[in-house]
Structure formats: C-alpha cells, structure tokens
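Structure record follows, encoded as structure tokens.
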C-alpha cells in the first residue's frame, strides 16, 4: 500500500526496488541451497515458511523423493529436523504417540515415519537364486545375514517374507533403531536362538541372506556417535517427552538420526567388539525370491 501511494505521488523508487530485488534474490538462493542440501522440495519449503508455491508444481509432503548423494551435515540435519517437525503429519504423529509409547516403541515408529518420508521403506530388489549367486560372486563382502525367530503366532519364514515383500518393521537395539544384520551366518543364527528363548521358545528360527547394494552409504558408528553425542546437551530432559520440542525427538536415537541424515545403514566396525550392520534403507538391498535361502 505504501508503494502504491509513493508511486501515485510520483516518487522515484528505483533504489528501493533494487534493494528489494536483491533481497529476493538472496532469499531465493538461500532457499534453493537449503533444498539442494536437504533434498527437501523447494515448493514444500515455501509452503512451510508461508510462501506461495510455483504454478504447476505439487506441494505434497515428500521430503526426499530424490535425495542428494551426499550426507547431511549436522547443522543441515538440525534444520531439516525443524522443518519436518512443523509438518502437520509429524505433529499429529508425536501427539498421538508420545503419551502412550515407551522409548523403544516411540523411536521405532519415528524411524518408520522418516523411512516413509525418505522412501527407505521401499521393497528390496528380488532376484532368483542364480542371479543372486552371480551378484554375490562379484563382491563376496557384500553378503549379510539376518536371523529371526517366530513371534507369537507369526512364523519366522512369514516374517522374512514380509521383509521381502511387505511392510517394513523397524527393529530396535542398543546401537539404534534399524534392521540388525551380520556378515556371519553363525552370528545371525546365534541371535535368532536368543530371540527364540525370549519369545516363544519353540525352536522356530530362520536365517536369510541379502546383498548390500553397491550405492548404499554407511555411517561408521563410532564417528556418528561423536556427532550424535554432541547433540545431547539437553540429555537431562531427553527422557521427559513433554519437555521436548518436536524436532528434538530426532536426537533421542542414533538410528533415527542416521536416517534423518540420509544414511542407508550403520556399520559398527568392531565397536565394542561387534560388527553388526544396521540397515536403514531396505529399498537398496537385494534378496532371493521365495524361500530358497531360508534355513538354519
């Protein structure tokens, strides 16, 4: 309104307009740089900050339909967490879950939420046994094993089939949420046997193998932990859910944090003597069709 009045009065606004245009260009570049770094869609960012979206561009909430090859820095990850935390679906998720869930259940569901946003819950590539052998022969260090036991009335083979062809169930563990695997078939069997004793104790255990996708990016657990620990300045209240800002929920579990940063998995690399491989992005794995590989 002030500009219209000034124009009507014949004032020279060229210098003012130059300043405004410069600020618009700077803001636009900042938004684009942020979206390039985070994989957050530019139009969705505008929607979050109250701006108008471009004509012909959708505004559906898809944080990383095409994420960058690079991993987010801690600073950018924090900004991304804050953006997501303002999303209505995320706000509803926290409000509906934090009052009723224990820590592990909440974190498992939170990682499931981020997996969905990232596309990490996509199905793995399924090949026949011959194709699997050919692929694994090219890189023998890429084969990993997952051991499972039956749970309640669900058989171990049904759980494996669900992992290959159905919904992704996010596991929990002391090294963060995710799907725990091992390079060793024997270790996978051992963990399945321990799980069986905890669950039904009926001896129904199975092991299946997978191939790590060539383009999967893994965090080194020890290095990631240092960064994760630096975010724990509010550790004294991290277990008091009602005191947390929504974005801080991303910093309560290292697996959730790694997923937020864009890692496909975490390797312990002999941390505390363990060499688990924690899978975060199922969609980049290769598995065998059917039950040819399910055995003990």
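A compact table of results
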item: Wholly enclosed strands (runs of 3 or more DSSP E) of region 127-232 bearing at least 3 residues over 20 Å from the mean Cα position of the chain (by Cα); result: 143-149, 205-212
item: Criterion (under 21 Å from residue 247 (Cα atoms) and in the same structural domain as residue 205 (by TED's automatic domain parsing)) met by exactly one of 169, 93, 163; result: 93
item: Filter result for the condition that a residue is closer than 21 Å to residue 178 by Cα and at pLDDT 85 or above, over 133, 94, 114, 84; result: 84
item: Subset of region 243-296 [assigned to a helix (DSSP H, G or I), at pLDDT below 85 and over 18 Å from residue 120 (Cβ atoms)]; result: 243, 246, 247, 248
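The values are calculated or read from the model by the stated rules, or taken from the named source; none is laboratory data. Here the structure is a predicted model, which means the values were calculated and not measured. Please note: Cβ atoms are built from the backbone with ideal geometry, for glycine as well, and neighbour counts cover all protein chains shown.
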